[in-house]
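First up is the structure itself, then whatever we jot down about it.
The values are calculated or read from the model by the stated rules, or taken from the named source; none is laboratory data. Small disclaimer: the values here were computed from a predicted structure and weren't measured. Methodologically, a virtual Cβ is constructed for each residue, glycine included, from the backbone with ideal geometry; neighbour enumeration extends over all protein chains shown. In case anyone asks, the SASA skips ligands and DNA or RNA and just uses the protein heavy atoms, side chains included. Shrake-Rupley method; radii C 1.70, N 1.55, O 1.52, S 1.80 Å.
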Amino acid sequence: MAERLHVESSARDELVDITDRVRAVVKKSGVTEGVLHLWSMHTTCALTVNEGFDPDVVSDMMTFMRWLVPQDAGFRHAEGNSDSHIKVAFFGPGLTLLIEDGEVVLGRWQRVFLCEFDGPRPREVACQVVSS
Amino acid sequence: MAERLHVESSARDELVDITDRVRAVVKKSGVTEGVLHLWSMHTTCALTVNEGFDPDVVSDMMTFMRWLVPQDAGFRHAEGNSDSHIKVAFFGPGLTLLIEDGEVVLGRWQRVFLCEFDGPRPREVACQVVSS
Amino acid sequence: MAERLHVESSARDELVDITDRVRAVVKKSGVTEGVLHLWSMHTTCALTVNEGFDPDVVSDMMTFMRWLVPQDAGFRHAEGNSDSHIKVAFFGPGLTLLIEDGEVVLGRWQRVFLCEFDGPRPREVACQVVSS
């Protein structure tokens, strides 16, 4: 089953928790054993799974990324967002999540995030649920 | 086929070679053509594939990560392991390995590693073998 | 369907656009709905998807990686390519691309790249197309 998630980010960089929407895609598919493939349709927006309980984790992560890859680091690309492309290379554009007993397999603290690195913008995530 | 690997790490950060255990999961499944999806159930522990022949490679890698993302970098997260979460974002929580002729497809020097970034701890890796 | 792509890189570090070859693998397979798994058979060569329109993006990315992980950073590994192994850990050795209507699902600016970090060398990418 193929589907698109539409996400609106609200800042230049931001981790948007999409766990509940991802779980809803799996529920809707009716698949009980298999995988869910997720794909960011963008070159300045990634996907990752990390802690979503203490908001300081996400905040520390974004502060660190801003320090590590500054927007104004003398890059040549005229759009001024080479830092965003590099951050996407580090976090990655796709995720494959396992499905068992009709549920996405996630550890206790794991949440699924869209990683906005050049927002705010409307973003699209391609989803494919595969039964095994 | 769904299964869990249980791994005990023995240091704060460490790459634990799980290649033989991963191969055993595939053997046990009887799948000859397909893929093996692996997923770390944790937010401070990742999975990667890299060189496992010369131990200096793994050692250089961990030394570099400690330098790049220091544990004590003024992070806000009170647990003191924001560096671990960031390292997981870079290495990634999941892997999809190919299976051909009943074997995991790996290059000559490639080994599968659990990447411990906040140990020592017991860790769990979810596995799913899918026949194609 | 399992297949190998053979790629010749021409510099120590380089992003080689393999999008057209990846698309050809999918066409040849005849699969209309499913996924394409790609795997670098090497420990100093990764795979990623990023912008391929303005060559400055790729150039900025490689310049940044050379600065972030210098080849001569006092590493212990005698082969002198620990930086290459670290870059592979960041970019990742594998990709799973979605297939819909017989086409690889990519955003407008997305291109698939082999990431050479220790060339020039002949490289091999394992491919597996799976129908869903």
Leaving ligands, DNA and RNA out of it, rank A:Glu103, C:Glu79, B:Glu51, A:Glu14 by accessible area with a 1.4 Å probe, largest first.
-> C:Glu79, A:Glu103, A:Glu14, B:Glu51
What angle do you read, to the nearest 10 degrees and between 0 and 90, between the alpha-carbon axis of helix C:19-29 and the longest principal axis of chain C?
-> 40 degrees
In square nanometres, what is one fourth of the surface area of the convex hull spanned by the alpha carbons of the stretch B:74-129?
-> 5.7 nm²
Rounded to the nearest 10 Å², the accessible area of C:Met1 using a 1.4 Å probe with every protein chain kept is 90 Å²
Sorted by accessible area (1.4 Å probe), largest first, how do A:Arg21, A:Arg76 line up?
-> A:Arg76, A:Arg21
What total accessible surface area, summed over both chains, is buried at the interface between chains C and B, computed with a 1.4 Å probe and given in Å² to the nearest 100?
-> 2300 Å²
Sticking with the crude label model, points 7 Å out along Cα→Cβ, report the distance from A:Asp17 to C:Glu8 in nm, one decimal please.
-> 5.3 nm
Provide the solvent-accessible area of B:Arg121, counting protein heavy atoms only and rolling a 1.4 Å probe, rounded to the nearest 10 Å².
-> 90 Å²
Computed accessible area, C:Asp60, all protein chains, 1.4 angstrom probe, square angstrom | 10 Å²
Report the relative contact order of chain B, percent, no decimals, based on alpha-carbon pairs under 8 angstrom and at least 6 residues apart.
-> 56 percent
Portion, in percent, of the accessible area of chain C that falls on carbon or sulfur, probe 1.4 Å = 50 percent
Inter-part distance where the stretch C:93-132 and the stretch A:6-25 are each reduced to a Cα centre, Å = 25 Å
Excluding residues on the same chain fewer than 8 positions from C:Lys87, give the lysines whose Cα lies under 20 Å from its Cα.
-> A:Lys87, B:Lys87
Stokes-Einstein, Kirkwood over Cα pairs, chain A, 25 °C, 0.890 mPa s; D in µm²/s equals 160 µm²/s
Residues of chain B: accessible area per residue with a 1.4 Å probe, Å² | 38 Å²
State the Kirkwood hydrodynamic radius of the stretch B:12-75 in Å, one decimal place, computed from all pairs of distinct Cα atoms.
-> 14.4 Å
List the pair-distance distribution P(r) of the protein assembly as shown, using every Cα-Cα distance, as the percent of pairs falling in each 20 Å bin from 0 up to the bin containing the longest distance, rounded to whole percents.
-> 29, 64, 6
